[in-house]
Each structure stands twice: as C-alpha cells, then as structure tokens.
1. Suppose the Debye formula is applied to equal point scatterers at every Cα of the stretch 184-279; what is log10 I(q)/I(0) at q = 0.13, 0.21, 0.24 Å⁻¹?
2. Once the Cα atoms of helix 95-105 and of the chain are each reduced to a long axis, what angle between those two axes, in degrees from 0 to 90 to the nearest 10, is obtained?
3. Which Cα, out of A300, V74, S342, lies furthest along the positive dipole direction of the chain (beta carbon charges, K/R +1, D/E -1)?
4. To the nearest 20 debye, what is the magnitude of the charge dipole of the chain about its Cα centre, counting +1 on the Cβ of each Lys and Arg and -1 on the Cβ of each Asp and Glu?
5. If contacts are Cα pairs under 8 angstrom and at least 6 residues apart, what is the relative contact order of the stretch 228-324 in percent?
6. Which of G248, A363, A108 sits closest to the plus end of the dipole of the chain, meaning its Cα is farthest towards the positive end, when Lys and Arg get +1 and Asp and Glu get -1 on the C-beta?
7. Rg and Dmax of the stretch 1-73, Cα atoms, in Å?
8. Based on the Cα gyration tensor of the stretch 106-221, what are the three equivalent ellipsoid semi-axes, each the root of five times an eigenvalue, rounded to whole Å and given largest first?
Amino acid sequence: MGAPPVLDADTHLYEPRDLWERYADPGDRDRALRIVDDDLGHPWLVDASGRKLHLVEIHHPGDAAAMGAYRRQVRAGEPRRVRYDEELPADFVEPEARLDRLDAFGTAESVVFPNFGLLWERPLGDDPATQLANMRAWNRWAVDVVVAGKGRLHPSAHLSLRDLDWLDEELGRLAAGGVRIGMIAPALVDGKRLSHPDLDRAWSSFVEHGVTPVFHVEAFPHPFHDAWYDGDPDPVNPVLSSVFLWTGPALALADMAVGGVFDRHPDLRLGVFEFSALWVPDFLMYLDGGFAFHANFNGAPLTELSLKPSEFIRRQVRVAAFSFEGPKRLIDLVGPEMFMYSSDWPHAEGIADPKSDIEAALAPLEGTAAAGYGADNLRFVLRSDS
C-alpha cells in the first residue's frame, strides 16, 4: 500500500487585480477594492477612494527576509525593477496552475485562503457595507475556484457576523456553490462577545448550511487595546501580534466554550488556522481550571454545561499545526483528533518545500495519529468525513 493521502489545511491564492470589481454586486462596484501601481511601479491595495491600505507583495516561500528587502526598496523611493504582473507566478493566482503544484508536493487536496483578503478587514472596520461588498466578491470567486479545483481545492469564504441576514443569505449561496468553510474574525462583533445570545442565530446558520466557521490570521480587531500597537510600522502584523499570535483564537474559543455556544450547537464545527498550535495543551488545562475555580469561588458556574469546557473543544474544534511544532508531541498530549497538517504555502513565513515537510511531519506518526493529522481532521472541518 502507498502512503495515505495528505490534505494541506492552509494555503493561499492571490486575488486577481480586478477580482473585487468583477465579482461585486453591480450596485457595490463603487465600493470595490483595487490593486493599482504608483508612479514608481509599486502595486498597492487601495479602497474605492484611492486610499492605500497595504503594499502588494509577492511572497517568497520560507524567506521572510526577501519581503523585508522589498519593503526597504519601497521606503527608499526606488522604482520597482520588474512589473508585478510579470513577476507573479501563475500558481500563486490561477487555480488550474495550483493543481499542478499540488501534484508536485504530493498533496491530494488543500484549503485555499485569500491573500490580500487578510489585509483589509480592520482598516475598513468603520464601513460595514464596504466590508460585506468585498467579502461577497471574494466569495463569488471562491465558487469558481471550487469548480476549477476539481474537488481538490477548498476555498474559504470570507464572512462577517455584523449582519446576520447577510450572513444567512451568503451561507446559502456558498453551500450551493460547494464552499464548505468560511473565515470569520476571532473578535468582538460590534462590541458583542461571540457567545452573546444575539449571535446564536449565526451559529445556527452555519450548522444549517453545512459551512464551518474558521479562524485564520488576518487584520481582525486586535485582542488587546489598540494603544499597545502604536508606533509599529506594520499595520497588519505588528510585532506584538506575532508574539501573542494565539491570543485571539484562544480568547474566542474560551468564550464560546464557557458561554455555551458549543453546548447549544453540538453540530457546530470550527477550525483554527495559522495561529500555531503549541498553546493548545496548556490552554485546555487552563480553560477547565479557570472555569472550575470561578464556579467554586462564586458558588455556581458561569454557565450550566453538559461537559467540561475542554471537552467541547476536543469534540468540535480542530487546529492546524506546523511540522516544526512537533505534531507527535502535541498529539501525545492532546490526542489524535485535534491537529491538522498545514504549510501556509506560498507565504514567506510558511514552508518552502511542502513535499519534504510532509514526509518529515508524518514520519514519526502511525495509525490514527497519522491519518488524523494528515487528512481526517481536516475532513472533519470540511464536513467530508461522512
């Protein structure tokens, strides 16, 4: 028998320059994001007013220093040496070319998240209508990716819980188009925690339509006060966000567990991507310990739950773990049902050679541990496990 198939839980496709204008509702095209070149040839993601939201960069897998070199060039006022469209590899942006890359990596299937979609949610936070218009544009393209991916590419939608009518309508369209996961922010929703009763309708909609909400690194509202990030030149990845990468999803999961979301919605599934995984064992321990202490100290639990908070996480949540985090040790601590293989290709902070990385990650694993980490736990998130 050959090696079992491997599914990559975290890769990215670059959005074409005109994606948002081409796929937005006709009445929303005046809200569409664009990629435009400045006078020196450097491309920028801009909003409808022309405000620069972020420099558009071509990642070099596994080589973050190359990103820094390009940013220094832009800051120095040097012209771009090669036009962006000429330098952008086809397999970064074209689903058909990405399939060839999967074959080279020995990957059976992969999830694909947006690239520039990770940059603009927080900068557009004061304009919900523009957020939703551009999310819908990406989501329509994602349905095209499903078709082009021939069952091997699983694009993530980009979703918001700020308008629950919009969310329910969008989930219906996505489910009909074959999209099975949708990225949401692990953050307050206009001041409401994710376990707030007003948001229960959102979790019911996800379950009803068979779409799994997922957390992924992106420009969502900061988990700490914005003042902590003042003075950092990187608006999306300030250094404190890297240091405390896991805090956003950990806080959101804890709230959902102790607030009863997973208890009230036992069929809800949730995925966590690119936030690392080393924190999970300690998090589960502190989650139960903190909940029990609070109940003892106050004479009653915050919420009457049918299971320990950590048991809901184990039952309904899956977390992507990079190979360099030692998935075998994590599996030994937590169990084989929690973790998923991910490369983050083609991002600079990701894995340059997923083929070798996959082989090294799976080498110490056997049986259900190998099957779970390599494929089955991601199938759970995609609801393709039955």
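Bear in mind that the values in this text are calculations on the coordinates, not laboratory data. Quick caveat: nothing in here was measured; it's all calculated off a predicted structure. Ideal geometry is used to build each Cβ from the backbone, glycine not excepted, and the neighbour counts take in all protein chains shown.
1. For the stretch 184-279 at q = 0.13, 0.21, 0.24 Å⁻¹, log10 I(q)/I(0) is -0.47, -1.08, -1.31.
2. Helix 95-105 and the main axis of the chain meet at about 60 degrees.
3. Towards the positive end, the residue furthest out is A300.
4. Working: 37 positive and 61 negative charges, 65 e Å.
In debye, rounded to 20, the chain gives about 320.
5. On the way: 84 pairs, mean separation 35.3, N = 97.
Rounded, it is 36 percent for the stretch 228-324.
6. A363
7. 17.2, 58
8. Details: eigenvalues 104, 52, 32 Å².
Its equivalent ellipsoid spans semi-axes of 23, 16, 13 Å.
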